[in-house]
Amino acid sequence: MEGRSSEARWIAYVRAGEQVGPGSLIAVRPGGGGERTLLDAGVVGADAGGAGAVFALVRRGETTELLRVRIGSGAADGPRATGSLSGIAAARGRVAVERRVASGSDVPRHLRGALDELATTSITVLAPPRRPPGTTHTVASAGGRRYELRFTNDPDGVLSHAEQVNVFVGASPRPVAPLPDALPVEVRGTDGSFSCGASACFLDWEEGSSYAVGEFGRPEDAVEFAESLRPMEELIGPSWREGGAVAAPQLVVLGGPEETVLESVEGYCECSFHPMDWDDAGERLLVVTRAEGFTTVTEYGRPDGPEVLHEAAGRAILDVSYTPEGVAIIESPAVGRPGPLRTLDGRTIARRAISFDVEGSTMAVVRGNGDVLVRDLETGAEQVVGTGAISVTVSPGGVAPAPSEGAPQRPPQPSDFGDPTVPFGVAVAALAGASVLGGATLLLIRRRR
């Protein structure tokens, strides 16, 4: 390969193993020699942060640890953070990650005491978003394929029926036969029946299971209450059966005197923040945000606040990064071949790519077939340096070789950066077994500045 560049950077890429899952972090010196294992297992994300350091997310049981590993010594210090962490973008000692925070504060107060009991039923639990007027307590009973959620001012049953306020919603698998004088009503898009017993009236309908609400004097009141009901998953998130804790995402920058929360979601949402790339100054940050059917590229760190730079309609954003010609992106349909690497204004840089990174005049691209192609942007020279990859990163600067065990340190020599006929010094960090998010959305384990 001709046209030697003055740069000597190392390349890291994520190489999928036979099984999808956490893997090991491996580094080799520029030029391909001196391979060493930096972390031997559990690595789910990694990103070169400059000064010969790699930040890595390592899974330990149910939690994830953020570690910093020195390529020269192989020593890891940390954990610098522990929790439910994903996505990683390193810059000048700081690291942006997504952190999931469990919080029960978003569970409506009138439902908190009922969750443990209601979690014992296997059917969909419908509940009102607000406590019914006039009631003071919540009493729940459940088991198997039935439940009842009662709101009352008489939880101990000491008042006369005339003094009680009992509003409830319940369900069972058996259809309820309406009384002979039941009034047909339309409720929740289906047919129901409003019927009265000796002292109270009830509204029944079928919605997968047989539901009933009461005690109401008028069918209009019963229908209004029934229409207000929502599945518990919609009210407090999918983890409600584990005590109502909501795993809410935060976009957080760790490092420096204190952490900085750039974005935080209160309560449950089907959304995520995936930090992708810092600019050269380490001030602006590109983040892929996914929420309820749409995906955007948002830039943080602007004086006027975050700005959406791009929105993908029906397509997955596989990668995004700063380049000398501005922000570039790779998109892909949910099913099908990967798309081109292009600038936001539409100029194609490479075809059928799934990941890329640029530092200075060094660009690395993972092709659709998994080849890692390194291109010198100044000379146009190209070289394939790896295969079987799904993600790639370029170090912000050159990496000196590791000294031998116990040997004195010495200044870097020209031969440390590979064959002089090759324009790039190359090193490889491989994660055997890369994690994949659903569909065509890959968990891109990335370096960032």
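Structure above, values below:
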| quantity | calculated |
| --- | --- |
| Carbon and sulfur %, accessible surface of region 295-348 computed with the full protein complex present, 1.4 Å | 51 |
| Debye-sum result for region 118-174 in log10 I(q)/I(0), which assumes one identical scatterer on each alpha carbon, at q = 0.12, 0.16, 0.18 Å⁻¹ | -0.30, -0.51, -0.63 |
| Extreme residue, positive dipole direction of region 84-141, given options THR138, PRO128, LEU85 (C-beta unit charges) | LEU85 |
| Taking the C-alpha atoms of region 56-125, convex hull volume expressed per residue in Å³ | 139 |
| Accessible area expressed per residue, region 165-315, with surrounding protein chains retained (probe 1.4 Å, Å²) | 49 |
| Ratio of Rg to Rh over region 93-230 (Cα coordinates, Kirkwood Rh, two decimals) | 1.08 |
| Stokes-Einstein D for region 274-392, Kirkwood Rh over Cα pairs, 25 °C, 0.890 mPa s (µm²/s) | 167 |
| Overall Cα dimensions of region 304-366, principal axis frame, Å, largest first | 32, 31, 16 |
| Fraction of accessible area attributable to carbon and sulfur, region 43-101 (%, probe 1.4 Å) | 46 |
| Calculated from backbone phi, Karplus (6.51, -1.76, 1.60) coupling profile of region 295-305 in Hz, x at Gly/Pro | 10, 10, 9, 10, 9, 9, x, 6, x, 9, x |
| Mean-position separation - Cα centroids, region 296-352 and region 219-234, in angstrom | 42 |
| Computed magnitude of the charge dipole of region 179-315 (debye, nearest 20; Cβ of K, R +1, Cβ of D, E -1) | 200 |
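The values are calculated or read from the model by the stated rules, or taken from the named source; none is laboratory data. Computed from a predicted model, the values in this text were never measured in an experiment. Virtual Cβ from ideal backbone geometry, glycine too; neighbours counted across all protein chains shown. These area figures cover heavy atoms from the full protein model, side chains too; ligands, DNA and RNA do not enter into them. Shrake-Rupley method; radii C 1.70, N 1.55, O 1.52, S 1.80 Å.
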